Amino acid sequence: MTDIAPADSHIGAAAWKKSYRPMPVSSDPLVVFAAPLMSRAFADDWGTVSRTVARAVASLRAQTDPNWRLLICSQDRPEGIDFDDRVRFLPFEQAVEGFDKKPKVEYLCHALPDHMQGDGYLFAFDADDVIHPDLVGWMRRDHNGRGYWLRDGYMINAQTGDVGVLTSRRPWAPLRRPFIAQCGSSAAIYVDFRTDRGFEHVACHFYRPGHRDFRKSAAALGLPLTRVPFPAAFYVMNTGENHRQKIGKLDRKLVQLNRARLKPADAQAVRADFGWDALV
């Protein structure tokens, strides 16, 4: 990869896109989930936070393909998590006033080449969401060298088990929204550390702006994302501990879930497909 302006700036992204000459992809990509996590001081109930993270971790350990890694970045290590080679804790020691998700995202992106020496995908991940057990395997088989986004998925009320559909608008459902518009755990971008650390800037340019801009940010780098062709994640709501609840915006999301709510039998089938009952 050529030595150019950092790709995490807009000017750098354009220069990187112009100069980037991709190597052939490897035969063994790694999918790395990067999760910024609130601090114990920010939480009302750290036990609830830890249990929610444990469920997200369990959804990764249930993947049909084990070639993944999870990086969790926080001031505090969540309790009850078996940290090992695949699930790693990155302590966040910067002094930040207020909401610190973006600094943690930047820290994760710049630390990525210390935890990933080959090529693969950085998956933006909120540590309270749940991934379908087939997602990692599907990504590794497809392995397009650019990245992926989720149009289709579900919202789930963690307290009631109610499930709502997230997908693109339909004539008969004009209020529906695609998964990527609602949830941060909704896209992955290709990164390659076989020759140098330059892709850490690519990761930052992609991840830092937030999920509504994932596709635009990836396209600006010349890495247009491919849609995953099945509902691949649960956007988990009403956990008792997340930022949206703290700022008083949960009710709006619950209204949306109710509009797109599945019938009980269909919801049970979806929960079974994700292995939800075994995770909680």
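Every number here is computed from the coordinates shown, using simple stated rules; none is lab data. Keep in mind it's a predicted model, so treat the numbers as computed, not measured. For neighbour counting, all protein chains shown are included, and Cβ atoms are generated from backbone atoms with ideal geometry for every residue, glycine included.
At a glance:
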read-out: Simple Cβ-charge dipole of the chain, Lys/Arg +1 and Asp/Glu -1, about Cα centre, in debye nearest 20; value: 1300 debye
read-out: Proximal lysines relative to Lys216, as straight alpha-carbon distance under 25 Å, when same-chain residues fewer than 8 apart are discounted; value: Lys17, Lys18, Lys101, Lys102, Lys104, Lys253
read-out: Net charge over other residues, Cβ less than 11 angstrom from the Cβ of Gly80 (K, R count +1; D, E count -1); value: +1
read-out: GNM top mover of Val202, Val228, Val31 - the chain, alpha-carbon springs below 10 Å; value: Val228
read-out: Top of Lys18, Lys104, Lys216 by mean-square fluctuation, Gaussian network on the chain, Cα under 10 Å; value: Lys18
read-out: In order through the range 207-215: 3J(HN,Hα) via Karplus (6.51 cos²θ - 1.76 cosθ + 1.60), integer Hz, x for Gly, Pro; value: 7, 4, x, x, 5, 5, 10, 4, 5
read-out: Percent of beta bridges antiparallel (DSSP, the chain, rounded to nearest 5); value: 45 percent
read-out: Cα gyration tensor shape of the range 110-237, rounded if a/c is under 1.5, else prolate or oblate by comparing a/b with b/c; value: prolate
read-out: Among Ser74, Gln268, Met23 the positive-end extreme of the charge dipole of the chain (Cβ point charges); value: Gln268
read-out: Unmatched cysteines, the chain - criterion: no other Cβ of a Cys under 4.7 angstrom; value: Cys73, Cys183
read-out: Centroid-to-centroid separation of the range 121-167 and the range 41-104 [C-alpha atoms, Å]; value: 17 Å
read-out: Residue-averaged [θ]222 nm for the chain, counting only DSSP H segments that reach four residues, each worth -39500 (n - 2.57); value: -9500 deg cm²/dmol
read-out: Whether the range 122-171 is rounded, prolate or oblate, judged on the alpha carbon gyration tensor where a/c under 1.5 counts as rounded; value: oblate
